[in-house]
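Here's the structure, in structure tokens; my notes come after.
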Amino acid sequence: MILEKVKETIKRYRLIGKGDKVLIGVSGGPDSTALTLLLDALKKELKLNLHIAHLDHMLRKDSGKDREFVEGLARQLKIPVTAAEINVKELKKWGSLEEIARNARLGFLFKTAREVRADKIALGHNLDDQAETVLMRVIRGTGLYGLAGILPKRDICGYQVIRPLIEIKRAEIEKFLRTKKAKPRRDTSNLEEIFFRNKVRNKLLPLLEKDYNKNIKEILSNMAQSSGMDYDYLARASARAFKAPAKRLDLAKLERAHPAIRRLALRMGILGIAGDTRRITFTHMKELEDLVLNRPVNSIVDLPKGVSAVKRKNHLSFYSRK
């Protein structure tokens, strides 16, 4: 039963404590609708205080109907809701549409969590999303952090983001919604194969399931879980060694450190300036290591998002070019 599986995920990763106030990010799609219904079913047992947040990105002509659906769901379940809209296309000049939409959504969730004093922010990512994400990152090229995929629990900008459905298949979610006679909103853009994720979802994963391994989604999800544990251990070891995140790293320590620890320290240095390392590639990391180990003092490496690293006599410093 899906409710019991969600309870096990919550327990395994300690996602929710009794009495927590949980802000649920609800788009109106199947995953977030199911998440809302499931958390509502657990509300009494876990003594939860729930609040719904919905952001209209105004990317589709009928996106206003998503808000109507979410507000209707909130009324039905007697859960307070905060809704807002933002024209993402008007902000596109500042970056890719996908990145702008993601940042706008997170900013809205953080703002709402602060206003309603939520302890956790719950999102509806599921096991299929996990498999798709890991496979996409493998195809594009990634390291251990990328293989960790979508973490069940993660601190972002001081807020704890949780994903109670991360071990639930999309098919299980759809079955649950049918039993509840729920009719969530459907984003037709998920069928358009001009998007990389949709190609992976609609073509590549079904092919791998059919011709190579019927359990490919579970295998990719398990790999993400294992990689996440390994990354967490190494990240903690790196933080202890370099007191990360630090914008200034001891050069002698970097030279002596194991490459895995050194690379994580370098990533933490970038993180301290840029706020994330999403655009940092393996090539960038190799260039930084070459800077540390081989290049002369005062050499500089320029990185994405306006970040640079400069080698001094005794340390490596990260700074913003902006």
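The values are calculated or read from the model by the stated rules, or taken from the named source; none is laboratory data. Here the structure is a predicted model, which means the values were calculated and not measured. Positions of Cβ are backbone-derived with ideal geometry, glycine not excepted, and every protein chain shown enters the neighbour counts. Quick note on the areas: whole protein, heavy atoms, side chains included, nothing else; ligands and nucleic acids left out. Shrake-Rupley method; radii C 1.70, N 1.55, O 1.52, S 1.80 Å.
Condition (residue is out of contact with any Gly (no Cβ under 7 Å at 6 or more places or on another chain) and not in a helix (DSSP H, G or I)) applied to segment 224-237: is it met by at least one residue?
Within segment 224-237 (the criterion being out of contact with any Gly (no Cβ under 7 Å at 6 or more places or on another chain) and not in a helix (DSSP H, G or I)), the answer is no, since none of the residues qualifies.
Report whether or not VAL26 is open to solvent by less than 50 Å² (accessible area, probe 1.4 Å), in contact (Cβ under 8 Å) with a residue 24 or more places away in the chain and within 17 Å of ALA104 (Cβ to Cβ).
Yes.
Looking at LEU288, LEU249, LEU316, can you tell me which residue is buried (at least 17 other Cβ atoms within 10 Å of the Cβ), among the hydrophobic types (A, V, I, L, M, F, W, C) and either out of contact with any strand residue (DSSP E or B) (no Cβ under 8 Å at 6 or more places or on another chain) or assigned to a helix (DSSP H, G or I) (or both)?
Values: LEU249 fails: either out of contact with any strand residue (DSSP E or B) (no Cβ under 8 Å at 6 or more places or on another chain) or assigned to a helix (DSSP H, G or I) (or both); LEU316 fails: either out of contact with any strand residue (DSSP E or B) (no Cβ under 8 Å at 6 or more places or on another chain) or assigned to a helix (DSSP H, G or I) (or both).
LEU288 is the lone residue from the list that is buried (at least 17 other Cβ atoms within 10 Å of the Cβ), among the hydrophobic types (A, V, I, L, M, F, W, C) and either out of contact with any strand residue (DSSP E or B) (no Cβ under 8 Å at 6 or more places or on another chain) or assigned to a helix (DSSP H, G or I) (or both).
Could you please tell me which pairs satisfy a Cβ distance under 9 Å, a separation of 6+ or placement on different chains, a first residue in segment 103-117 that is touching a residue at least 12 places away in the same chain (Cβ under 8 Å) and in a helix (DSSP H, G or I), and a second residue that is open to solvent by 100 Å² or more (accessible area, probe 1.4 Å) and of a type outside the set (A, V, I, L, M, F, W, C)?
Filtered contacts from segment 103-117: no entries.
Across segment 291-313, what is the total count of residues that are surrounded by 16 or more Cβ atoms within 10 Å (Cβ to Cβ) and either among the polar types (S, T, N, Q) or closer than 23 Å to ILE150 by Cβ (or both)?
The total comes to 1.
Please verify whether VAL200 is part of a strand (DSSP E or B) and surrounded by 15 or more Cβ atoms within 10 Å (Cβ to Cβ), treating the condition exactly as stated. Show your work before the answer.
On the way: part of a strand (DSSP E or B): no; surrounded by 15 or more Cβ atoms within 10 Å (Cβ to Cβ): yes.
So VAL200 fails the test.
Name the residues in segment 66-122 that are at pLDDT 95 or above, open to solvent by less than 30 Å² (accessible area, probe 1.4 Å) and of a type in the set (D, E, K, R), would you?
LYS120 - this is the single residue of segment 66-122 that is at pLDDT 95 or above, open to solvent by less than 30 Å² (accessible area, probe 1.4 Å) and of a type in the set (D, E, K, R).
Considering each residue of segment 123-150, count those that are assigned to a loop (DSSP other than H, G, I, E, B), open to solvent by less than 50 Å² (accessible area, probe 1.4 Å) and within 16 Å of ARG267 (Cβ to Cβ), and give that number. Even if it seems obvious, please write down each step before you answer.
So in segment 123-150, the residues assigned to a loop (DSSP other than H, G, I, E, B) come out as 123-126, 141-143, 148-150.
With open to solvent by less than 50 Å² (accessible area, probe 1.4 Å) added as a condition, the list becomes 123-124, 126, 143, 148-150.
From what's left, within 16 Å of ARG267 (Cβ to Cβ): 143, 148.
Final tally of qualifying residues: 2.
What residue, of MET229, MET268, MET223, is open to solvent by 80 Å² or more (accessible area, probe 1.4 Å) and of a type in the set (A, V, I, L, M, F, W, C)? I'd like the intermediate steps shown before the answer.
Details: MET268 fails: open to solvent by 80 Å² or more (accessible area, probe 1.4 Å); MET223 fails: open to solvent by 80 Å² or more (accessible area, probe 1.4 Å).
Just one listed residue meets the conditions, MET229.
Starting from residues that are assigned to a helix (DSSP H, G or I), in contact with a helix residue (DSSP H, G or I) (Cβ under 9 Å, 6 or more places away or on another chain) and not charged (D, E, K, R), keep the ones in segment 1-16 and report whichever is nearest to PHE176 (Cα to Cα).
Taking the candidates together, the pick is ILE2.
Would you call ALA53 in contact with a strand residue (DSSP E or B) (Cβ under 7 Å, 6 or more places away or on another chain) and of a type outside the set (Asp, Glu)?
Details: in contact with a strand residue (DSSP E or B) (Cβ under 7 Å, 6 or more places away or on another chain): yes; of a type outside the set (Asp, Glu): yes.
In short, yes.
Conditions first: (1) in contact (Cβ under 8 Å) with a residue 60 or more places away in the chain; (2) closer than 30 Å to GLU71 by Cα; (3) open to solvent by 60 Å² or more (accessible area, probe 1.4 Å). ALA182 passes all but one, so which condition is the exception?
For ALA182, the failing item is (3).
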